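Okay, handing you the structure first.
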Amino acid sequence: MNRNFTKYAYTDSVRDAQEQYGSRRGNASMEKSGDRFELTPREIPFIESRDSFFMATVGENDWPYMQHRGGPPGFLKVINETTLAMADYRGNRQYISVGNINASGRVALFLIDYPSRNRLKIWAEAEVLESSENPEMFAAASDPEYGAVVERLMVFTVKAFDWNCQQHITPRFTHEQIRQGLAQLATE
Ligand SMILES: Cc1cc2nc3c(=O)[nH]c(=O)nc-3n(C[C@H](O)[C@H](O)[C@H](O)COP(=O)(O)O)c2cc1C
């Protein structure tokens, strides 16, 4: 089902490419299949269980930029069906994503779960907030047990999303998932 993403992803040149390579008709019907973009019970637990994701921003010079973000599982908080928030910890102090968000107000998020071979793309409007600008959301997004200094908050207003197919995702497991699997085997 179309989760509104064709509105943002299917530009004129994308439609031209679909025409050139013979997939325009199928993609045109996808454009008509609705504009729902609220996160559902399928996306919400998926987002809340991620311990990392990739975030694309765009600079004022039109160059795309990609950064990996990581934290304790659930560090990307679902505030409601159209709002996500993340505490931005002190890092390498380059502030590339922060500057890009301040300039363009847009991000694309890419969330992947290797064991279940699922991947979710999210298009969102984004803003960077200082703690004083929204203390409640700042508190909701911060994890006091995570030993890092929270510098600011990134808030994402979901505009569209889409699940990709599972092809070519190699299952991979974290140390913790392997440890749990081995413990279960030992019990059995
Ligand atoms: C000591 C240290 C700890 C960091 N911890 C994290 C972290 O837990 N999660 C994360 O996404 N980035 C972390 N990074 C931050 C990244 O290096 C980077 O600052 C941040 O992703 C913003 O990058 P950008 O300027 O390329 O957008 C850390 C960096 C340093 C130097």
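Can you name the number of the only condition in (1) under 20 Å from Ile96 (Cα atoms); (2) surrounded by 18 or more Cβ atoms within 10 Å (Cβ to Cβ) that Met137 fails?
Just one mismatch for Met137, condition (1).
All but one of (1) open to solvent by less than 80 Å² (accessible area, probe 1.4 Å); (2) touching a helix residue (DSSP H, G or I) at 6+ places or on another chain (Cβ under 9 Å); (3) within 24 Å of Glu125 (Cβ to Cβ) hold for Glu43; state the number of the condition that does not hold.
Just one mismatch for Glu43, condition (2).
Using the structure shown, decide if Thr82 is under 29 Å from Val150 (Cβ atoms), under 14 Å from the mean Cα position of the chain (by Cα), of a type in the set (Ser, Thr, Tyr) and open to solvent by 20 Å² or more (accessible area, probe 1.4 Å).
yes
Look through Ala139, Ala108, Ala124 and report the one residue that is more than 26 Å from Asn164 (Cβ to Cβ), aliphatic (A, V, I, L, M) and assigned by TED's automatic domain parsing to the domain that holds Ile169.
Step by step, each of Ala139, Ala108, Ala124 is checked, and only Ala139 is more than 26 Å from Asn164 (Cβ to Cβ), aliphatic (A, V, I, L, M) and assigned by TED's automatic domain parsing to the domain that holds Ile169.
Looking for whichever is in contact with a Ser or Thr (Cβ under 6 Å, 6 or more places away or on another chain) and either within 8 Å of the ligand (Cβ to nearest atom) or in contact (Cβ under 8 Å) with a residue 12 or more places away in the chain (or both) here; the options are Asn100, Asn92. Which one fits?
Criteria check complete, one pass: Asn100.
State all residues of the range 28-44 that are assigned to a helix (DSSP H, G or I) and within 16 Å of Leu109 (Cα to Cα); if no residue qualifies, say none. Steps first, answer last, please.
So in the range 28-44, the residues assigned to a helix (DSSP H, G or I) come out as 28-31, 43-44.
Hits for the range 28-44 are Glu43, Ile44.
With respect to the numbered conditions (1) in contact with a strand residue (DSSP E or B) (Cβ under 8 Å, 6 or more places away or on another chain); (2) in a helix (DSSP H, G or I); (3) open to solvent by 80 Å² or more (accessible area, probe 1.4 Å), which one is the sole condition not fulfilled by Arg25?
For Arg25, the failing item is (1).
If Phe37 satisfies all but one of (1) closer than 30 Å to Tyr146 by Cα; (2) in contact (Cβ under 8 Å) with a residue 60 or more places away in the chain, what's the number of the condition it fails?
If we test Phe37 against (1) closer than 30 Å to Tyr146 by Cα; (2) in contact (Cβ under 8 Å) with a residue 60 or more places away in the chain, just (1) comes out false.
Here's a follow-up. Among all residue pairs at least 6 apart or on different chains, which show Cβ distances below 8 Å where the first residue, located in the range 56-78, is aromatic (Phe, Trp, Tyr) and the second is more than 7 Å from the ligand (Cβ to nearest atom) and part of a strand (DSSP E or B)?
Tyr65/Ala56; Tyr65/Thr57; Tyr65/Val58; Phe75/Met86; Phe75/Ala87
Across the range 60-79, which residue is modelled with the lowest pLDDT among those that are open to solvent by 40 Å² or more (accessible area, probe 1.4 Å) and in a loop (DSSP other than H, G, I, E, B)?
The extreme case among them is Pro73.
Over 30 Å from Glu31 (Cα atoms) and β-branched (Val, Ile, Thr): is that true of Thr174 in this structure?
yes
Here is a list: Asp62, Asp12. Which entry is more than 27 Å from Glu145 (Cβ to Cβ) and in the same structural domain as Cys165 (by TED's automatic domain parsing)?
Selected residue: Asp62, the only one of Asp62, Asp12 that is more than 27 Å from Glu145 (Cβ to Cβ) and in the same structural domain as Cys165 (by TED's automatic domain parsing).
Can you confirm whether Thr57 is open to solvent by less than 30 Å² (accessible area, probe 1.4 Å), among the polar types (S, T, N, Q), within 15 Å of Ile122 (Cβ to Cβ) and assigned by TED's automatic domain parsing to the domain that holds Ile101?
It is true that Thr57 is open to solvent by less than 30 Å² (accessible area, probe 1.4 Å), among the polar types (S, T, N, Q), within 15 Å of Ile122 (Cβ to Cβ) and assigned by TED's automatic domain parsing to the domain that holds Ile101.
The values are calculated or read from the model by the stated rules, or taken from the named source; none is laboratory data. If you're wondering where the values come from, they're calculated on a predicted model, not measured in any experiment. Note that we place each Cβ from the backbone using ideal geometry, even for glycine, and neighbour counts take in every protein chain shown. Just so you know, the surface numbers come from the protein's heavy atoms only, side chains and all, with ligands and any DNA or RNA stripped out. Shrake-Rupley method; radii C 1.70, N 1.55, O 1.52, S 1.80 Å.
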